[in-house]
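One structure is given below, encoded as structure tokens.
The values are calculated or read from the model by the stated rules, or taken from the named source; none is laboratory data. Since the model is a prediction, treat every value here as computed from it, not as a measurement. Here Cβ is always computed from backbone atoms with ideal geometry, including for glycine, and neighbour counts include all displayed protein chains.
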Amino acid sequence: MSPFLRKVKTASGATAVQIVEKRHGVRTILEHLGSAHDEAELAALMRVGHDKLHANQPALELPGERGVRPGVAVIEGKRSQLLVDVVRDSWGRLGFDAIEDEAFFQLVLARLVEPTSKLDSLRVIAELGLVPVHLSTVKRCLKRCADKGYRDKIAQACFQHVWSEQGGDVSLLLYDVTTLYFETDTEDDLRKVGFSKERRVDPQIVVGLLVDRTGHPLEIACFEGNKAETHTIIPVIKAFQQRHGVADMVVVADAGMLSAANLKAIDEAGLRFIVGSRVVKAPHDLAKHFRWHGTAFTDGQVIDTITMRSTAPDPNRVKTRAEPVWDPAVHPTAWRAVWQYSAKRAARDTRTLALQRNRAQAVVDGDKPAKKVRFVKTTGQQASLDEASLARAEALVGLKGYVTNITAAVMPAAEVIASYHDLWHVEQSFRMSKSDLAARPIHHRLKDSIEAHLTIVFTALAVARDLQARSGWSLKKIVRGLRPLQQVTIQLGGQRLDAEPAIPDDIAELLTALHRGH
């Protein structure tokens with residue numbers, strides 16, 4: 001007798017499915033396929049058994065028959081449930097569930113998974129297995145972002161999260177700016193052609209981002225595209241103070257934020273600052289060192305001195321050997337300056353200078369067309385190598401300066417340097433917002449839509465930073481790892497069965513790390 005399928009009730013109440021054969025009145029179990037605990041599992045096991053029994057039998061489709069053959073499993077839906085759950089978990093952990101708006105969540109989720117247009121984000125959501133909201137709902141959501149103060153709520157939640165995670169310490173804040181350009185030729189009150197490191201002539205806006213020492217976003221603001229970067233820091237800091245009632249904090253920014261007016265305004269607001277200095281200030285700030293020690297430095301050497309705010313330094317200061325110790329009462333026209341020498345930085349600077357010297361020499365020799373090149377000086381029609389400028393630059397290799405209004409008694413030089421080096425977190429956040437979150441180019445036209453877009457990017461950035469902080473994985477790696485792991489709903493024999501994905505070891509470790517991070 002040919003093998004057949006047999007269903008048997010087990011002691012536990014499950015239904016075992018077996019392939020059996022009967023010979024000479026004796027039933028022999030050829031294969032135990034498994035035990036089912038509900039109708040869907042039973043249908044799946046019966047389908048497996050049917051396929052095994054008829055493995056070599058071609059299927060026959062009857063005339064007029066359309067669709068799926070009886071007994072064939074049909075995939076009804078697929079969901080990247082793990083990925084969605086991980087994002088929703090972070091969303092709640094950050095307190096963003098205070099905004100009860102599924103459209104807003106879907107826009108942030110799409111921005112995290114696959115940055116694209118608002119219209120195409122509906123495709124991304126559908127591919128994740130969620131039911132996407134309608135496009136008109138998306139448009140209304142952008143309006144709600146402004147009307148209902150979503151950014152204020154997100155910023156407040158971010159502050160409370162950082163306050164909790166840092167034990168109430170938000171004393172060190174990092175600030176930087178970037179530009180977002182628009183694919184249009186038309187300027188308006190916000191989108192202006194301005195300075196672009198990429199030499200673009202598209203209208204743009206300037207975006208300022210304030211983060212904590214770990215890179216978690218706290219405040220975002222946008223300004224006219226032709227607004228100088230140095231004019232953005234004060235409004236962002238004041239908005240943060242007014243929103244959260246924070247008075248005492250240290251603001252860290254790079255040399256681009258260094259303007260006499262900025263530093264004076266921050267100081268008069270009762271805030272402390274640490275900003276990068278420009279290497280051209282070194283000859284003046286380190287005049288004493290060069291007078292008494294020459295250009296010799298040891299790796300890691302730190303010189304704690306002063307830098308003049310706007311007036312010229314006293315030419316007689318080099319007559320004494322000791323560096324001045326900055327005191328605001330004693331030095332009202334100066335700030336504290338900390339300079340450090342690094343052998344690694346010196347090697348990098350030396351390589352850069354060598355390349356610049358070679359380019360300059362090529363211009364002087366006529367091997368390259370004449371243009372504005374460092375270390376080339378022109379007298380009349382004659383170009384020559386500017387040996388004096390090159391020598392001055394070579395004397396300053398390896399030096400990095402920091403300007404602050406914090407006394408040495410409050411913050412040692414090493415801590416000033418370490419605090420400034422935390423600035424890479426905000427730079428990393430901007431890189432993430434431009435690449436992983438694709439904050440640009442953006443196609444919105446109205447100011448409210450642009451602000452709503454930045455709110456979505458700001459929110460997505462906060463979720464991304466949280467996931468990264470708890471797992472040690474980049475956002476891109478998390479998405480690439482979780483998105484393909486799909487839960488599948490199968491219809492089989494009139495029953496629906498949910499099939500879970502197999503979890504690789506590295507993903508299991510990721511999920512464990514995210515769970516531990518609670």
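Worth pointing out:
- Boolean, Thr214 is within 25 Å of Ala418 (Cβ to Cβ), modelled with pLDDT under 85 and out of contact with any Gly (no Cβ under 8 Å at 6 or more places or on another chain): yes
- Looking only at residues of the stretch 281-339 that are surrounded by fewer than 13 Cβ atoms within 10 Å (Cβ to Cβ) and acidic (Asp, Glu), we find that the one that is nearest to Val410 (Cα to Cα) is Asp299.
- Verdict on Ser419 being at pLDDT 95 or above and surrounded by 16 or more Cβ atoms within 10 Å (Cβ to Cβ): no
- Count - residues of the stretch 166-177 that are in contact (Cβ under 8 Å) with a residue 24 or more places away in the chain and over 16 Å from Phe240 (Cα atoms): 1
- Candidate set: the stretch 253-310, residues that are in contact (Cβ under 8 Å) with a residue 40 or more places away in the chain, in contact with a strand residue (DSSP E or B) (Cβ under 8 Å, 6 or more places away or on another chain) and among the basic types (Lys, Arg); chosen: the one nearest to Leu210 (Cα to Cα): Arg272
- Among the candidates Ser171, Ser136, residue that is within 30 Å of Gln486 (Cα to Cα) and among the polar types (S, T, N, Q): Ser136
- Under the condition of being among the polar types (S, T, N, Q) and either surrounded by fewer than 14 Cβ atoms within 10 Å (Cβ to Cβ) or without any contact (Cβ under 8 Å) to a residue 24 or more places away in the chain (or both), the residues counted in the stretch 112-164 number 5.
- The set of residues in the stretch 328-349 that are outside any strand (DSSP E or B), under 32 Å from the mean Cα position of the chain (by Cα) and polar (S, T, N, Q) contains only Ser342.
- Considering the conditions (1) at pLDDT below 90; (2) assigned to a helix (DSSP H, G or I); (3) out of contact with any helix residue (DSSP H, G or I) (no Cβ under 9 Å at 6 or more places or on another chain), Asn226 is excluded by exactly one of them, (2).
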